[in-house]
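Have a look at the structure below before the remarks.
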Amino acid sequence: MFENSWQDVSQFAMVRVPRSRRKSWAETCIATVCGKRCGQEAWAANVPYCEEHAGHGDPSCAVAEIPTVGKILVAARPLPKGYRLAWWGRRCRKAEAKDLSRCFELSRGWVIDPTDHPGSLLQYCAAPGPSEASTLACTRKVLATTRASFGSWLFTTRHSISEGEQLLMPYSKPFFKERDLPWVNVGTAAHPARRRKGLPVGTLPAKRGPPLQAQKQPVQDGASGSQRKPSSLLKRPVPKFSTWAACLKGCCKSFSVR
């Protein structure tokens with residue numbers, strides 16, 4: 001009687017997997033096919049896509065082109081809030097990168113360069129214009145181990161995205177100024193962009209005006225006439241002061257116990 005009852009209970013018991021045996025989010029493919037996750041083994045270390053989706057990209061997204069902007073990234077199907085996409089590429093030094101404007105900066109002068117991999121679709125994301133809002137949020141999940149040849153950075157959608165809507169990512173502030181490019185809205189009738197302040201998805205008028213005057217003013221730092229060093233890279237987010245304060249408080253408690 002006891003053996004049968006134990007077998008019945010064991011079927012519903014939850015076994016906690018040791019931390020050393022748990023799989024990282026980048027060990028299996030996070031792409032979705034017809035709304036279902038692929039789940040196949042990752043193509044390379046720190047790349048959360050299988051061989052097929054690393055070469056061709058996530059089928060839930062598509063690359064389009066606008067004459068006045070260039071290549072953009074749009075949703076090939078309706079995407080839910082929190083949908084995961086990874087910016088991945090070769091892990092290299094800044095001096096070895098082919099195009100720094102498409103690289104993400106890591107610590108100690110290392111970057112993630114996706115230029116040699118067209119399947120890394122986030123490199124085609126356009127920047128939202130003055131009256132548009134970004135649709136992708138940067139997370140703190142970064143994989144760039146020193147022994148791996150590739151690195152990846154996880155992004156999620158801020159809200160649900162309709163089919164054909166653009167996936168927008170904010171660029172660094174001096175990006176347009178360094179290249180003498182106008183900062184304009186990128187939404188079109190075929191591929192709209194989400195508007196700021198909760199406005200519905202809209203399109204641009206035929207004539208695109210200049211960027212906001214407030215954005216043209218250079219940011220000065222220190223003495224008059226000195227400016228911050230220009231950078232074309234999107235840097236890793238810095239933890240807030242509250243996070244550092246919490247860590248310091250925890251360390252003080254641990255030392256006091258000892």
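Of all residues in region 105-125, which are over 22 Å from T32 (Cβ atoms) and either modelled with pLDDT of 85 or more or in a strand (DSSP E or B) (or both)?
Correct list: E105, W110, V111, I112, D113, T115, D116.
Every residue in region 62-87 that is among the hydrophobic types (A, V, I, L, M, F, W, C) and within 14 Å of the chain's Cα centre (by Cα), please.
Within region 62-87, L73, L85, A86, W87 qualify.
Could you tell me how many of the residues in region 129-150 are assigned to a loop (DSSP other than H, G, I, E, B) and more than 15 Å from L73 (Cβ to Cβ)?
10
Does K71 satisfy the condition of being modelled with pLDDT of 90 or more and charged (D, E, K, R)?
Judged against the criteria, K71 is a match.
Name the single residue that is surrounded by the fewest Cβ atoms within 10 Å (Cβ to Cβ) among those in region 28-42 being within 19 Å of the chain's Cα centre (by Cα) and free of Cβ contacts under 8 Å to residues at least 24 places away in the same chain.
R37
Given the conditions (1) closer than 20 Å to V69 by Cα; (2) in contact with an Asp or Glu (Cβ under 6 Å, 6 or more places away or on another chain); (3) without any contact (Cβ under 8 Å) to a residue 24 or more places away in the chain, which single one is not true for A193?
Of the numbered conditions (1) closer than 20 Å to V69 by Cα; (2) in contact with an Asp or Glu (Cβ under 6 Å, 6 or more places away or on another chain); (3) without any contact (Cβ under 8 Å) to a residue 24 or more places away in the chain, the odd one out for A193 is (3).
Among the numbered criteria (1) surrounded by 18 or more Cβ atoms within 10 Å (Cβ to Cβ); (2) within 20 Å of the chain's Cα centre (by Cα); (3) more than 15 Å from C103 (Cα to Cα), which one does N185 miss?
Every condition holds for N185 apart from (2).
Where the second residue is surrounded by fewer than 15 Cβ atoms within 10 Å (Cβ to Cβ) and acidic (D, E) and the first is touching a residue at least 40 places away in the same chain (Cβ under 8 Å) and assigned to a strand (DSSP E or B) and lies in region 62-85, which pairs have Cβ atoms under 9 Å and are six or more apart or on separate chains?
The qualifying pairs are K71/E65; I72/E65; V74/E163; A75/E163; L79/E163.
Quick one: in region 130-153, which of the residues that are crowded, with 23+ Cβ neighbours inside 10 Å and over 15 Å from the mean Cα position of the chain (by Cα) is modelled with the highest pLDDT?
E132
Kindly indicate which of P192, P174 is modelled with pLDDT under 90 and either surrounded by fewer than 18 Cβ atoms within 10 Å (Cβ to Cβ) or within 21 Å of the chain's Cα centre (by Cα) (or both).
Step by step, each of P192, P174 is checked, and only P174 is modelled with pLDDT under 90 and either surrounded by fewer than 18 Cβ atoms within 10 Å (Cβ to Cβ) or within 21 Å of the chain's Cα centre (by Cα) (or both).
Within region 92-104, is there a residue that is touching a residue at least 60 places away in the same chain (Cβ under 8 Å), in a loop (DSSP other than H, G, I, E, B) and within 30 Å of H159 (Cβ to Cβ)?
There is at least one residue in region 92-104 that is touching a residue at least 60 places away in the same chain (Cβ under 8 Å), in a loop (DSSP other than H, G, I, E, B) and within 30 Å of H159 (Cβ to Cβ).
Among R90, R108, which is the only one that is over 15 Å from the mean Cα position of the chain (by Cα), among the charged types (D, E, K, R) and surrounded by 18 or more Cβ atoms within 10 Å (Cβ to Cβ)?
R90
The values are calculated or read from the model by the stated rules, or taken from the named source; none is laboratory data. Being a predicted model, the structure only gives us computed values, none of them experimental. As a convention, Cβ positions derive from the backbone with ideal geometry for all residues, glycine included, and neighbour counts pool all protein chains shown.
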